[in-house]
Every structure is written in C-alpha cells, then in structure tokens.
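Quick note: the coordinates plus some simple rules give every number you see, no bench work behind them. Note that the coordinates shown come from a computational prediction; the quantities given were computed from them, not determined experimentally. Please note: Cβ atoms are built from the backbone with ideal geometry, for glycine as well, and neighbour counts cover all protein chains shown.
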Amino acid sequence: MNDLIIHDLLTGVPQPLDRAVTRILAPNAGVMTGPGTNSYLIGTGERAVIDPGPADPEHIQAIVAAGGGQIRWILCTHTHSDHAEGVVMLQKATGAKVAAMPMAPGVSESDAGEHNVGLLLDRELAEGNSMEIGGVPVRVLFTPGHASNHVCFLLPETGMLFTGDHIMQGSTVVIWPPDGNMGAYIHSLQRLLTLELGCLAPGHGHLIGKPHAEARRLIQHRLGREMKVRQGLLTAGGHASLETLLPLVYDDVAKTLYPLAKRSLEAHLGKLVEDAEVRFQDGMYWTSSVPGQSA
C-alpha cells in the first residue's frame with residue numbers, strides 16, 4: 001500500500017480508504033485525542049466497526065448510515081472511553097455483536113487515568129484470533145503497553161494495521177501506570193518490526209506510511225527518554241522524587257503538558273525498576289541500592 005489515500009480529517013464524513021475500509025472521524029478533538037477518534041468500517045457486504053468512539057449520537061448515526069444496515073460486529077482496540085464508550089449506543093442501533101479483550105484482572109473502570117468502559121462481550125479476543133468480516137480476513141495482535149488489554153487488528157491481504165492508541169499519527173501516546181506499562185509498550189512496538197505491514201490506520205490522525213520506520217522512530221524516542229531519566233537521576237545526585245525528575249526529563253515539553261508527561265515518566269521509572277536499574281522506596285527513586293539494603 002504505497003499510494004495512501006490521504007483525506008482531510010472531516011468530522012462525521014465517511015471517507016473510503018480502500019475498497020474495504022471507510023473512516024469516520026468523531027467530534028472529540030482534544031489534548032489526548034488529537035483531531036478526534038477514528039472509527040473504521042471494514043468489510044465488503046457485511047461490516048464490522050473498529051472503535052465506535054464516544055457516545056455521541058451524531059457520530060453513531062453517521063456510522064450506522066455508512067454501514068448501510070450491514071454492521072454485524074463491533075471491535076475495540078481497547079476499552080478507554082474515547083474508543084469504546086459508543087459501543088452500547090451502536091449495538092442498540094444495529095444489533096451487532098461486540099468483541100474486545102477484557103480488562104485485565106484488578107483493572108478498574110477508573111484506572112489508567114482514562115475511563116475504562118466495562119463491556120458485555122459476545123467474544124473475548126486474544127492473541128492470534130482470526131475473523132472474517134464481509135470476505136475480509138482480520139487477525140488480532142495483542143499489543144499491551146498503552147493499556148493492558150490493547151489489541152491491534154491486521155488485514156493480512158493489504159497489510160493495513162489498525163493501531164488504536166498503540167501508535168497515533170502526529171504525537172506520542174501517554175503510558176499511564178498501573179494499567180499502562182512502558183516495558184510492554186516498547187516490546188509491542190518492537191514486535192511490529194517482525195510483521196509484513198502496508199500502512200498504519202491509527203486511532204487518531206491520518207494513515208501512516210512506512211510502518212516499520214514509524215515503529216523504529218517511536219522505539220528510539222522512548223529509549224532516548226529513558227536515557228534522559230538516567231541522566232536526570234545522576235543530575236539529582238543519584239536519587240530523586242517524581243516531581244524533581246519531571247522538569248529534568250521533560251525540559252523539551254510545555255509545562256501545560258506536565259500532568260500527562262508525569263504519567264509517562266512514572267512508566268519509564270517503572271520499567272527501570274523492573275529492569276533492576278533503579279530502586280524505589282518511600283517516594284524516592286535511587287540509581288543504586290536503597291540505604292540500609294544490599295545491592
């Protein structure tokens with residue numbers, strides 16, 4: 001898929017991306033959502049909707065109209081509200097069945113800093129599942145990191161990968177512990193390098209060409225930020241609180257974004273703790289052993 005169809009992002013307007021994929025942009029633009037959430041209809045004849053987005057009546061009606069009475073499945077990349085809140089409304093309007101990966105044990109609907117939507121699932125998705133929607137094969141890829149129940153959907157025939165919030169166009173995603181996990185996120189990005197991909201269809205923004213180059217860019221960005229965490233700890237004398245590290249590690253980010261950057265910083269530090277590079281005790285992160293404990 002070298003010749004991508006790049007439409008202007010217009011709210012509520014069905015935009016064909018190829019013979020089997022149509023995008024409809026939701027009216028929920030913002031700091032976390034960019035231009036808004038992309039809902040995708042896939043299939044020829046019978047259809048599935050990937051990420052119905054917010055519970056906005058006009059957006060749901062636009063999806064229903066574009067589906068032409070053929071919507072049979074609703075698929076969710078993950079259960080954050082900007083992607084999944086519209087599920088119930090769309091299901092009532094179409095009678096479609098719902099498929100997603102359940103929230104991980106111990107994850108609440110209010111976890112991850114973004115509201116998780118509790119869904120009644122007709123099918124619980126897992127790594128390697130396959131479906132056929134209107135003659136179009138779909139493969140499920142488990143891609144945790146942004147959320148513990150995040151999946152991407154691959155169309156093997158064209159190599160189009162629906163990335164949800166695993167990859168956004170024009171921005172990086174927030175990794176918000178405890179549901180978000182930086183080590184898992186980087187591993188999930190690295191996994192994309194092993195796949196034959198044609199383009200990325202993100203949950204927010206335009207189609208992305210050169211999928212492997214984009215995955216490598218994001219991996220390097222995250223590893224570069226991780227290096228700044230290490231440097232920040234050294235600058236602070238080998239130990240520091242999250243609040244002390246924030247301006248050292250995110251000195252290239254506007255202070256208005258610090259509340260979000262703080263969450264990704266916590267995720268980076270959590271990865272370093274998991275990797276045994278850093279210790280955490282009493283609200284402080286240490287580059288070496290905590291006083292009173294053996295290295």
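What the table shows:
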quantity	calculated
Calculated [θ] (222 nm, deg cm²/dmol) that DSSP helices of n ≥ 4 give over the chain, each run adding -39,500 (n - 2.57)	-9000 deg cm²/dmol
Local net charge near GLY34, Cβ-Cβ under 11 Å (Lys/Arg +1, Asp/Glu -1)	-2
The chain: antiparallel DSSP beta bridges as a percent of all, rounded to 5	70
For the stretch 218-231, Karplus couplings with θ = phi - 60° (6.51, -1.76, 1.60), whole Hz, Gly/Pro x	5, 4, 5, 4, 5, 5, x, 5, 4, 5, 5, 5, 4, 5
Whole-number percent relative contact order across the chain, with pairs defined as alpha carbons under 8 Å at least 6 apart	13
Given charges at beta-carbon only (K, R positive; D, E negative), |dipole| of the stretch 219-286 in Debye	160
Only Lys, Arg (+1) and Asp, Glu (-1) charged, at Cβ; the chain dipole about Cα centre in debye	380
For VAL136, residues with placed amide H under 5 Å, excluding near neighbours	THR44
20 Å Cα-Cα reach of LYS228 towards aspartates and glutamates, excluding residues that sit fewer than 8 places from it in its own chain	GLU243, ASP251, ASP252, GLU266, GLU274, ASP275, GLU277
Phi-based couplings in Hz for the stretch 34-44 (Karplus 6.51, -1.76, 1.60; Gly and Pro marked x)	x, x, x, 8, 7, 9, 10, 9, 10, x, 10
Karplus-derived 3J(HN,Hα), 6.51/-1.76/1.60, for each residue of the stretch 134-148, Hz, glycine and proline x	x, x, 10, x, 10, 10, 9, 10, 7, 10, x, x, 5, 9, 6
Reported label for calculated percent of Cα pairs over 35 Å apart given (i) 20; (ii) 17; (iii) 29	(i)
The stretch 147-295 - percent relative contact order, Cα under 8 Å, separation 6 or more	22
Cα centre as origin, Lys/Arg/Asp/Glu Cβ charges: the stretch 1-152 dipole, Debye	400
Two-site label geometry, ASP282 and GLU132: point separation in nm, points 7 Å out along Cα→Cβ	6.4
Pairwise centroid distance, computed over Cα atoms, of the stretch 22-80 with the stretch 153-188, Å	18
Long-range HN-HN contacts of THR163 with modeled amide H, under 5 Å	ALA201, GLY203
Most positive-pole-ward Cα, HIS268, THR244, ALA254, against dipole of the stretch 219-286 from beta carbon charges	ALA254
